[in-house]
């Protein structure tokens, strides 16, 4: 079941317009000193994806590409300026609609006509909402200094290129807020 939810997240619904992003960060932290990064050590599989290596690789590639485009350098050493990690969840949400109505007016060969329609039954729909968290932590003390959050409706897509494009858009929009100004 978990794999099914993760597969649903492979692509995020429609275009970038449905992506909601936000950030939280340590106020007063000197983000200008950050130049190099590495993946947070993950011996216990505390972050990332455990069940879908393809999606995990796409997200990791998008993160490295976006940070590199912002002049941060990925290093293999044990002493980068910061660690990066991510978490992904998919939850089922429910939405409903209330009362709706409509008015119809017209003319035909038999004369004028009109009508009023009212629907009082609500429609309940279930959808999947994906949440991607990107965490940036200090290497000394492992303190969280920045978190980006993205939420959006998700759906299934079978095209890997489309999945990668949506992931790249999402990560790019999130990292536009890093470093905070």
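The values are calculated or read from the model by the stated rules, or taken from the named source; none is laboratory data. This is a predicted model, so every value here is computed, not measured. Positions of Cβ are generated from backbone atoms using ideal geometry, with glycine treated the same way; all protein chains shown enter the neighbour counts.
Worth pointing out:
- Lone qualifier among 86, 113, 47 - being at pLDDT 70 or above and assigned to a loop (DSSP other than H, G, I, E, B): 47
- Taken over segment 51-83, the criterion of being touching a helix residue (DSSP H, G or I) at 6+ places or on another chain (Cβ under 8 Å) and in a loop (DSSP other than H, G, I, E, B) is satisfied by 51, 52, 70, 81.
- Condition broken by residue 28, with the remaining ones in (1) farther than 20 Å from residue 155 by Cβ; (2) at pLDDT below 90; (3) exposed (fewer than 10 other Cβ atoms within 10 Å of the Cβ) satisfied: (2)
- Here residue 139 fulfils each of the conditions (1) surrounded by 14 or more Cβ atoms within 10 Å (Cβ to Cβ); (2) over 21 Å from residue 20 (Cβ atoms); (3) at pLDDT 95 or above apart from (3).
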